[in-house]
1. For E142 paired with Q3, estimate the spin-label separation in nm (one decimal), with each label point 7 Å from Cα along the Cα-to-Cβ line.
2. If you take the beta carbon distance between V112 and D199 as r and set R0 to 30 Å, what does 1/(1 + (r/R0)^6) give as a FRET efficiency, to the nearest 0.05?
3. How much length is gained if the chain between K60 and Q22 is pulled fully straight, taking 0.36 nm per residue apart and subtracting their Cα-Cα distance, in nm to one decimal?
4. Computed FRET efficiency, Cβ-Cβ of D81 and A44, R0 22 Å: what is it to the nearest 0.05?
5. Is it possible to state the helix-based mean residue ellipticity at 222 nm for the chain, with each DSSP H run of 4+ residues giving -39500 (n - 2.57), the sum divided by total residues, to the nearest 500 deg cm²/dmol? What is it?
6. Who wins for biggest fluctuation among I114, I150, I95 in a Gaussian network model of the chain, springs between alpha carbons below 10 Å?
7. Taking the Cα centre of region 3-200 as origin, work out the dipole magnitude from +1 charges on Lys and Arg Cβ and -1 charges on Asp and Glu Cβ, in debye rounded to 20.
8. Test of understanding: ordering F197, F80 by Cβ neighbours within 10 Å, fewest first, what list do you get?
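Bear in mind that the values in this text are calculations on the coordinates, not laboratory data. Please read these numbers as outputs of a predicted model, since none were measured by experiment. Ideal geometry is used to build each Cβ from the backbone, glycine not excepted, and the neighbour counts take in all protein chains shown.
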Amino acid sequence: MNQYKIKEIFLSIQGEGWLIGQPSVFVRFANCNVNCSFCDTDYAGGDMMTGQDIKKAIQKLETRYQMPVILTGGEPLLQFDEALYDDLQRYELHIETSGTLPMPIMPVEKIVHITMSPKVTRDKIKLKKCHTLKILWPEAFEGITPEAFIDYPTISKCIQPLDFQVDKAIKKLYEMDRLDPMGHWFLSPQLHRQQNFKDILR
Ligand code: SF4
């Protein structure tokens, strides 16, 4: 039986991206293959769990059927696989990834929503498409700009302030909205960094 190293499973409010404001269950996978200098996520350590263990932990937190389950990290695609999908398929699965690895299950449409926040340049991205593209601004890494991903296959695109630089992010958002009016650009303000939803709900 496959096992996965899981840092934590918790109930919170999604603070960023497409599902902002939505009560969700978060499954944080341990480990990451990118080493971002600004990273404030604790993905070290964790416990080995089977897919059934993860399902039981989600069931304990569920307050209503079909609460979204957000697979995050670290980098969830280092570990996510068909076997885990089979165990969790009754849930509305969302994945948050840096795009450095391909989606391990096919068709990718089995996942309700994929959010990609690139941490490598466009030429090194392995994920072929997503639902929401999330770009940090001001530029977190050289070459990872909204313009560089303007034609990446996605449904919506957002700008997320780096280190709370909301004013710069908003200026960039308006710039992109003019440049790419069909891109459905929106601001992703990271509400969970302004308010600790996790502890409130504990
Ligand atoms: S990709 Fe995300 S989790 Fe991994 S080091 Fe960068 S910010 Fe942290």
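1. Roughly 4.2 nm, to one decimal.
2. It comes to 0.65.
3. Value of the extension gain: 11.8 nm.
4. The value I calculate is 0.50.
5. Numbers: 4 runs with 37 residues, N = 202.
The per-residue figure over the chain is -5000 deg cm²/dmol.
6. Between I114, I150, I95, it is I150 that shows the largest mean-square fluctuation.
7. Details: 23 positive and 26 negative charges, 38 e Å.
Approximately 180 debye in magnitude.
8. Working: F197 18, F80 24.
So the residues, fewest neighbours to most, are F197, F80.
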